[in-house]
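J.: Got a structure for you, questions after.
The values are calculated or read from the model by the stated rules, or taken from the named source; none is laboratory data. Not measured: the values here are computed from a predicted model. Note that each Cβ is placed from the backbone with ideal geometry, even for glycine, and that neighbours are counted across all protein chains shown.
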Amino acid sequence: MEQLSAAAAETLQQWLEDASIDEATKQELRDLKDQPKELEERFYRNLEFGTGGLRGVIGAGSNRMNKYTVGRATQGFARYLLEQHGDKEGKPSVVIAHDSRHFSPEFSLDAALVLAANGIVAKLYPSLRSTPQLSFSVRHLQATGGIVVTASHNPPEYNGYKVYNHQGGQLVPHEAEKVIQYIQEVPSLTDVKKLTREEAEAQGLLIWLGEAEDQAFIDTVAARSLSRELIQSGIGRDFKIVYTPLHGTGNLPVRRVLEQIGFEQLYIVAEQEQPDAEFSTVKSPNPEEREAFTLAMKLGESVGADILIGTDPDADRMGAVVKDKDGKYFVLSGNQSGAIMVHYLLSRLQETGTLPSNGAVIKTIVTSEMGAVIAQHYGAEVMNTLTGFKYIGEKMNQFEATGSHTFLFGYEESYGYLSGNYARDKDAVLASMLIAEAAAYYKSQGKTLYDVLQELYSQFGYFLEKLESRTLKGKDGVAQIQAKMTDWRSNPPQEVAGIAVQDVLDYSLGLDGLPKENVLKFILADGSWFCLRPSGTEPKIKVYFAVRGESLEDAEGRVERLASAVMSRVDAQ
């Protein structure tokens, strides 16, 4: 019979003996006494606080999301905030928001009460709010930091905990490393300080946020509209939008902003309108996947919708569906939506004479070059960052501090977009508005977004991308992913699918002034590329592919040949 490792057994015993851990949690662990593999998974390590925070399966154990791991992380974050900001006038403050997942309200309040016990004012949203609103609120309320409890589009058994700095951005590595150190230095769970809700409220250390902050966010997003007059002059009466929040936080803010700028025909997918921690109508609450739009497509057909829009549970990712030339639904990829929005945004600014001469578009290293080529066409400078919107936010901070560039748009292929300086994280509320008004704007010219995409291909080149991923769960999965990365790093191919490998970029070495990260990118002689990257939020290795063809058919052939050759090696390892 498989045995528990010594380290896991020791940590398990500590939990069972810890007076600060409730009896229900201990009983959950005792009930697993005949399942050593499960106990090993729960206790072989502490749940890792990555650069974005915590994310894991909900349950009892040091390697699970629960009130104790949340409390420990918050104690470390509190020490960091007090060290960074404790000597400034007034008490430090942290804004906290949460999504619709299991235990999200409880974890949010737990974090608030730990902060309060450390003398930090917790400003808490009482019900679900989007991640971009959290980022905005940190800046708007001039808080010291932020926390959002969410696991984005992970399966229902997951939850997570992301922390933000005073600029409203997720912590970048040098900040996160300090927080990680402080979390690791919390001696035991009994050393986590915590007030009761009544104590925190009585001492003015727990403040509840509400409608005033909500409206400030909606007004700020709506101010980014480029075609409000056109929409309100008439086209907004006839343009039909189907929207699904996929049981998450987007329902109210997306509706409010679309209505505020003048769209009158907005149809909500009723089966997916209400918060549901089980996301019971979808396999995955992820607008990157066609299946997530099944019910939206059905509603779209019945009402004759011009566009379908979906947002993930914490409303930081947006996906859109339009009809192709044959009237069939076409799911825009993150790269395609990004390219369309870059073109729409920059062309409209140019039309109105408001395109700045020092404008910049920021994208990640795994994002298509199509948007970059379009941005450069309009005279904007394009900058690349590592994967993760925190790096885009960091660039925005540099622009703000130096005045060197005007931030126009930031995006990543995984359906994350931002325009405007009001936040430092991707915003599906803003993206829903931009893609909808772009579609309405082009409809006024007799075109669909599919037509616009084909025009962009014809003008700038047939860029096509593909993403493959392999899920490898648990302790063994972590080792397998690392072994695959080591193999590609130590044995790089000379050619792939008959095309010579021209360059290998190993970002673990800290290339181009970027932070070190476990990412490999292979550039081929024909300009195509592929990239291997372990996910920072899921037990996956992700492989990205990008090509540029002479036609759409040529690009499709190139990307399939490239993906087939690479994945055959990935799967054989």
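J.: Restricting to the range 198-218, what's the tally of residues that are assigned to a helix (DSSP H, G or I) and loosely packed, with under 13 Cβ neighbours inside 10 Å?
T.: Selection size over the range 198-218: 5.
J.: Filter the range 1-59 down to the residues that are on the phi > 0 side of the Ramachandran plot and at pLDDT 95 or above and list them by number.
T.: If the condition is that a residue be on the phi > 0 side of the Ramachandran plot and at pLDDT 95 or above, then G59 is the only one that fits.
J.: Against the condition surrounded by fewer than 17 Cβ atoms within 10 Å (Cβ to Cβ) and either closer than 27 Å to T387 by Cβ or under 16 Å from the mean Cα position of the chain (by Cα) (or both), how does N335 come out, does it pass?
T.: Values: surrounded by fewer than 17 Cβ atoms within 10 Å (Cβ to Cβ): no; either closer than 27 Å to T387 by Cβ or under 16 Å from the mean Cα position of the chain (by Cα) (or both): yes.
So N335 fails the test.
J.: Within the group L252, L226, which residue is assigned to a loop (DSSP other than H, G, I, E, B) and not β-branched (V, I, T)?
T.: L226
J.: A further question on this structure: Tell me, yes or no, whether the range 426-447 has at least one residue that is part of a loop (DSSP other than H, G, I, E, B), buried (at least 24 other Cβ atoms within 10 Å of the Cβ) and not polar (S, T, N, Q). Show your work before the answer.
T.: First pass over the range 426-447, keeping only residues part of a loop (DSSP other than H, G, I, E, B): 426-427, 444-447.
From what's left, buried (at least 24 other Cβ atoms within 10 Å of the Cβ): 426-427.
Then drop every residue that is not not polar (S, T, N, Q), which leaves 426-427.
Yes - at least one qualifying residue is present in the range 426-447.
J.: Also, I was wondering about something else. Assuming V501 fulfils every condition listed in (1) β-branched (V, I, T); (2) assigned to a strand (DSSP E or B); (3) surrounded by fewer than 16 Cβ atoms within 10 Å (Cβ to Cβ) apart from one, which condition is it?
T.: Every listed condition holds for V501 apart from (3).
J.: Taking the stated definitions as given, is G416 small (G, A, S), closer than 22 Å to V172 by Cβ and at pLDDT below 95? Don't jump to the end; show me each part of the working.
T.: Numbers: small (G, A, S): yes; closer than 22 Å to V172 by Cβ: yes; at pLDDT below 95: no.
So G416 does not fit the description; no.
J.: Run down R569, R561 and say which single residue is closer than 21 Å to E495 by Cβ, of a type in the set (K, R) and either surrounded by fewer than 16 Cβ atoms within 10 Å (Cβ to Cβ) or touching a Ser or Thr at 6+ places or on another chain (Cβ under 6 Å) (or both).
T.: Testing whether each residue is closer than 21 Å to E495 by Cβ, of a type in the set (K, R) and either surrounded by fewer than 16 Cβ atoms within 10 Å (Cβ to Cβ) or touching a Ser or Thr at 6+ places or on another chain (Cβ under 6 Å) (or both) leaves just R569.
J.: Let me ask something additional. Can you find a residue that is under 32 Å from the mean Cα position of the chain (by Cα), of a type in the set (S, T, N, Q) and under 23 Å from F389 (Cβ atoms) anywhere in the range 54-62?
T.: Checked the range 54-62: no residue is under 32 Å from the mean Cα position of the chain (by Cα), of a type in the set (S, T, N, Q) and under 23 Å from F389 (Cβ atoms).
J.: Among (1) more than 21 Å from E550 (Cβ to Cβ); (2) in contact (Cβ under 8 Å) with a residue 60 or more places away in the chain, where does V496 come up short?
T.: Result: V496 fails condition (1) only.
J.: Hey, V303 hits all of (1) surrounded by fewer than 22 Cβ atoms within 10 Å (Cβ to Cβ); (2) over 29 Å from K162 (Cβ atoms); (3) in contact (Cβ under 8 Å) with a residue 60 or more places away in the chain; (4) touching a helix residue (DSSP H, G or I) at 6+ places or on another chain (Cβ under 8 Å) but one; which does it fall short on?
T.: (4)
J.: Which of the residues that make up the range 110-137 are surrounded by fewer than 21 Cβ atoms within 10 Å (Cβ to Cβ) and either more than 29 Å from E89 (Cα to Cα) or touching a strand residue (DSSP E or B) at 6+ places or on another chain (Cβ under 8 Å) (or both)?
T.: P126, S127
J.: A follow-up question, please. Within the range 62-79, can one find any residue that is on the phi > 0 side of the Ramachandran plot and either surrounded by 23 or more Cβ atoms within 10 Å (Cβ to Cβ) or part of a helix (DSSP H, G or I) (or both)?
T.: no
J.: Determine which single condition V543 fails, assuming it passes every other condition in (1) assigned to a loop (DSSP other than H, G, I, E, B); (2) surrounded by 16 or more Cβ atoms within 10 Å (Cβ to Cβ).
T.: Every listed condition holds for V543 apart from (1).
J.: Which of (1) surrounded by 14 or more Cβ atoms within 10 Å (Cβ to Cβ); (2) touching a Ser or Thr at 6+ places or on another chain (Cβ under 7 Å); (3) closer than 16 Å to T69 by Cβ is the odd one out, the single condition S20 does not satisfy?
T.: Among (1) surrounded by 14 or more Cβ atoms within 10 Å (Cβ to Cβ); (2) touching a Ser or Thr at 6+ places or on another chain (Cβ under 7 Å); (3) closer than 16 Å to T69 by Cβ, the lone unmet condition for S20 is (1).
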